[in-house]
Each structure stands twice: as C-alpha cells, then as structure tokens.
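Take a look at the structure below.
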Amino acid sequence: MNYLKYTIFITILFAFASCSLPENTYKPKEDFATYKTPTIPDYSKVNHWAALPTKKDSADILPSNQDTLKDRQAVATADVFFIYPTIYIGTKKYQNQWNANVNNAAFNEEIDASTIRNQATIFNAAGRIYAPRYRQAHLYAYWSEDTASSRKAFDLAYQDVKMAFQYYLEHYNNGRPIIIASHSQGTNHAERLLVEMFDGKALQKQLVVAYLVGMPIDFDAFQNIYPCRSAIELGCFCSWNTYSKDYYPDNYTKELYRAVATNPINWTIDGTFATAAENKGGVGLDYNLLPNPTNAQSHRGMIWIDKPKVDVPPIFLFMKNWHIADYNLFWMNVRENGALRVEKFVENER
C-alpha cells in the first residue's frame, strides 16, 4: 500500500470517526488575522487546477485491474466541476496557516494521489473534469473554538472555489451541461456555490445533477433544487454519509437526522435496501476495482452498511464511520449513474 495514501487515510478517517483532531496535526496557533494568507490562485494557470480535460492528470486514470472502462473526457458532452475534500492538516513549516497554499508542490501531490485519483476519476465517464486547487481550510477549522477564524478560513476557501467556477464558466463551459460533485469540505463549498450560482438562476437549466457527499445536506437546503428520488431524475441533488449499521454518530441529533440520505447503489431515499450483489464495484486504497464491497440502506439521514469487503488494514473494518470511503465503496454505481444522467439530460435537450 502506498505510504502517502495510507497516512492520509488514517489521519482523516480517525479525525471524522472520533469527532476530534488527531494529535499529530500541525494546527494554527493564533487567530486568522495574525497570518498572511497564501497567494491567491490564478485559474488561467494550468498548475492551479488539479484536473483539466486539456492536460494529463490523476483524474484521467482507471483501476489497473480492469480493461473495460474508458476515460471518455475527450468525447464527453457534459462537464464535471469537482471540489475535493479536506486534505490539509498542516506541516511544521506551515503549521500556523489556516488555509492551504496552492503553490505547495508536496501538498498538491497528496491531493492528486488521494482524492483526485480515488474520487474525481469516477466522473471521467460522464464528463470533462475540472477540479480547481483552492486554499482549503485546515482540518482544525472543524473543531477549533476560535469560530471566527474558522469561518474566515472557510470563507477564503470558498472565494477560491467560486472564482474558479466563474473562470470555468467564462473560458471552458460554453453552455454545456454541468455536474457538480464534491466530498466533505468540498461539499460545504458546493452547497454554497449551488445556492449562489444555480438555485433559481438561469444556470440551473444546465445542472444535470449534484453529488453532495460526505456532509449533511438538509432536504430544504435549496429553494428550487430538490433531492433526487431515482437514478434518472435531473436537476436534483444526491447526498449521503456512510456509517456501519446500527451506529448513530455524535452529531446525529444535531445535523444528520434531518439530512438527505441517497442510497448510492439504487438511488432511492425511501429506505429501500440494496444488496451487495447490486453494488457493481468499489475502489480500494491501491486503486483496484473490488467486486460487491458492501450493501447499503438509507436510514434516517444516514447510509447504513454492513462490514465491507475492502483492502484496508483489519483494524479499520471495526470502524463505524466510513466517511473516507463515501465514494470508494460505491465507485462503479456512482460512475454509471453520472453517465446515465448525462445521457438522459442530452436526450431531453433534443
């Protein structure tokens, strides 16, 4: 197993599973205003995008143990704007920063080797992938008692995401259908982007679907964009947070109980059980396709699963929070669903 991916997996998984910050995290020591923020991204520069359809990047690859899947970005009729999750946990050199530096080459390699490879690649069958590098908020911002600094860190991150999306619209989109896809912190920003740019606006007509994964999204989060209730519904959103069956996390009564829980195997939200046999394949840490890794059922704001069959150290099979694998466990089903919804969208436009 790649050591880099393994380290990221352990750090982020334990953070969200325990609802506390890992002790080895280099967190900001003072308030947001004390430090100079990292250089603002320039989205006219290719290196300020983790993925672009015009360059070779980690969003183009496919699991090595199969030969039937294809990267279809070159012929895609739709675009995918992907907002990646929290990777930034600080370093000794940059431990005081509330936000990541998009010019940090080592950090960018972590992004490309983890979330772009494991999550963004799902969508290279559905559309051309655009994934901006952004000054994401430090993982600590989710737990800090300095809520003012946390809010400013998230606002700065969102500024970048919105600026990247506006650049994408002006220079790349050309009226094409759009999928918004995100995970974790990326979903926090995607929700805000949908409210400001899509909900009840002209751009909503271009929305194929939004996959808002890894954060609780309420049924009434938007005025005009509703939860998807089937595999082919358009202009709607899907959202899920994955936990072991019978488990209720600490934030359940505060947030999750009212969240949308889309079953990413059968695309229902009514509690219809999906068997592992219906799960067409997940992706493990070594980026191999795994057959029928788990079942799934929507349950009161959560997706409950039985112990999955995945290639992780045995200790993780006893974890209750599968946040890190929200996409990986259902990789093929999400991949096929994205392509299907684009197909239906294009058919409706004819």
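Points worth noting:
- Span from the region 110-126 Cα centroid across to the region 220-287 one, whole angstrom: 20 Å
- Residues His299, His48, His183, His138, ranked from the fewest to the most other C-beta atoms within 10 Å, line up as His299, His48, His183, His138.
- Between region 139-161 and region 20-82, the alpha-carbon center distance in angstrom: 19 Å
- Cβ crowding within 10 Å, taken as a proxy for footprinting-reagent exposure, orders Cys238, Cys228 from fewest neighbours to most as Cys228, Cys238.
- In percent, rounded to a whole number, the relative contact order of region 210-267 is 44, using alpha-carbon pairs under 8 Å and six or more apart.
- Placing +1 on the Cβ of every Lys and Arg and -1 on the Cβ of every Asp and Glu, with no other charges, gives the chain a dipole of roughly 340 debye about its Cα centre.
- In terms of its C-alpha gyration tensor, the chain comes out rounded, because the ratio a/c of the largest to the smallest axis stays below 1.5.
- Burial ordering of Thr34, Thr187, fewest other beta-carbon atoms within 10 Å first: Thr34, Thr187
- Look at the Cα gyration tensor of region 56-200: its axes a ≥ b ≥ c give a/c of at least 1.5 with a/b at or below b/c, and that counts as oblate.
- Percent antiparallel among DSSP beta bridges (both partners in the chain, rounded to 5): 35 percent
- Database remark: amide H of Ala50 closer than 5 angstrom to the amide H of Ala131, Arg133 (H placed geometrically; neighbours at sequence offset of 5 or more, or on other chains; Pro and chain starts carry no H).
- With contacts taken as Cα pairs under 8 Å at a separation of at least 6 residues, the chain carries a relative contact order of 18 percent.
- Cα gyration tensor, region 30-141 - rounded (a/c under 1.5), prolate or oblate: prolate
None of the figures in this text is laboratory data; all of them are computed from the coordinates on show. What you see is a predicted model; the values in this text were computed from it and never measured. Glycine also receives a Cβ, built like all others from the backbone with ideal geometry; neighbour counts cover every protein chain displayed.
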